[in-house]
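The values are calculated or read from the model by the stated rules, or taken from the named source; none is laboratory data. Just so we're clear, the structure is a prediction, and the values are computed from it rather than from any experiment. Methodologically, a virtual Cβ is constructed for each residue, glycine included, from the backbone with ideal geometry; neighbour enumeration extends over all protein chains shown. The area values use the complete protein model at the heavy-atom level, side chains included, leaving out ligands, DNA and RNA. Shrake-Rupley method; radii C 1.70, N 1.55, O 1.52, S 1.80 Å.
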Amino acid sequence: DLHLSIRRQRQMCIRDSTSNQGALDFQLKENKDGEALFEQVVKTAQEWASPDQLMFVLGATKTEYLERVRAAAPDSFFLVPGVGAQGGSLRDVLTKATNKDYGVLVNSTRGIIYKSNARDFAEAAKMAAKELQREMEAILF
């Protein structure tokens, strides 16, 4: 039972929207009120727990969904993978998904760890991570 799990663990991470082609099969199906399934999931999950108990995982390559989920869950925390190598825009993610407390953790694994496949991979990854951090600071501050 999901409700019991939230009460015991006190936190829940919900994968809400993805950018893969299969998303079209379910996530974007709309109800009679015009709400997509991914929006319905967000609204229902918020009935189970408070924003500090929920984190939504949303792909960075479909920022129009980020904006819609942020509107539905203004105080919740988002984990957003897909910036960088997968094509997600850091600027778009930060401008469409942040809230008054920022509320976003950006994940760019492939863009960092696969920056180089040569002997300098560790240094290249370090530099890529620092550059992402600089970009983030420039956008946010």
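Would you call I112 loosely packed, with under 15 Cβ neighbours inside 10 Å and more than 24 Å from L54 (Cα to Cα)?
no
Please indicate, with yes or no, whether at least one residue in the range 35-43 is more than 18 Å from the chain's Cα centre (by Cα), open to solvent by 10 Å² or more (accessible area, probe 1.4 Å) and over 21 Å from Q86 (Cα atoms).
Looking through the range 35-43, at least one residue is more than 18 Å from the chain's Cα centre (by Cα), open to solvent by 10 Å² or more (accessible area, probe 1.4 Å) and over 21 Å from Q86 (Cα atoms).
If we scan the range 93-102, do we find a residue that is open to solvent by 60 Å² or more (accessible area, probe 1.4 Å) and touching a Pro at 6+ places or on another chain (Cβ under 9 Å)?
Checked the range 93-102: at least one residue is open to solvent by 60 Å² or more (accessible area, probe 1.4 Å) and touching a Pro at 6+ places or on another chain (Cβ under 9 Å).
Testing A124 on (1) surrounded by 14 or more Cβ atoms within 10 Å (Cβ to Cβ); (2) not in a helix (DSSP H, G or I), one condition comes back false. Which one is that?
(2) is the only condition that A124 fails.
Looking at the range 44-63 only, could you name the residues that are more than 11 Å from G103 (Cα to Cα) and under 12 Å from the mean Cα position of the chain (by Cα)?
V57, L58, G59, A60, T61, K62, T63
So, S89, is that one out of contact with any Asp or Glu (no Cβ under 9 Å at 6 or more places or on another chain), among the polar types (S, T, N, Q), modelled with pLDDT of 85 or more and under 22 Å from M136 (Cβ atoms) or not? Walk me through it before giving the result.
Numbers: out of contact with any Asp or Glu (no Cβ under 9 Å at 6 or more places or on another chain): yes; among the polar types (S, T, N, Q): yes; modelled with pLDDT of 85 or more: yes; under 22 Å from M136 (Cβ atoms): yes.
Against the criterion (out of contact with any Asp or Glu (no Cβ under 9 Å at 6 or more places or on another chain), among the polar types (S, T, N, Q), modelled with pLDDT of 85 or more and under 22 Å from M136 (Cβ atoms)), S89 qualifies.
When only residues in the range 62-86 that are under 20 Å from A129 (Cβ atoms) and part of a loop (DSSP other than H, G, I, E, B) count, which is modelled with the highest pLDDT?
Filtering first and then ranking leaves G82.
Please state which one of L54, L28, L105 is more than 30 Å from K130 (Cβ to Cβ), of a type in the set (A, V, I, L, M) and surrounded by fewer than 16 Cβ atoms within 10 Å (Cβ to Cβ).
Matching residue, one of L54, L28, L105: L28.
Being among the small types (G, A, S), free of Cβ contacts under 8 Å to residues at least 40 places away in the same chain and within 20 Å of F26 (Cα to Cα) narrows it down to one residue among A72, A85, A118; which is it? Even if it seems obvious, please write down each step before you answer.
Numbers: A85 fails: within 20 Å of F26 (Cα to Cα); A118 fails: within 20 Å of F26 (Cα to Cα).
Selected residue: A72, the only one of A72, A85, A118 that is among the small types (G, A, S), free of Cβ contacts under 8 Å to residues at least 40 places away in the same chain and within 20 Å of F26 (Cα to Cα).
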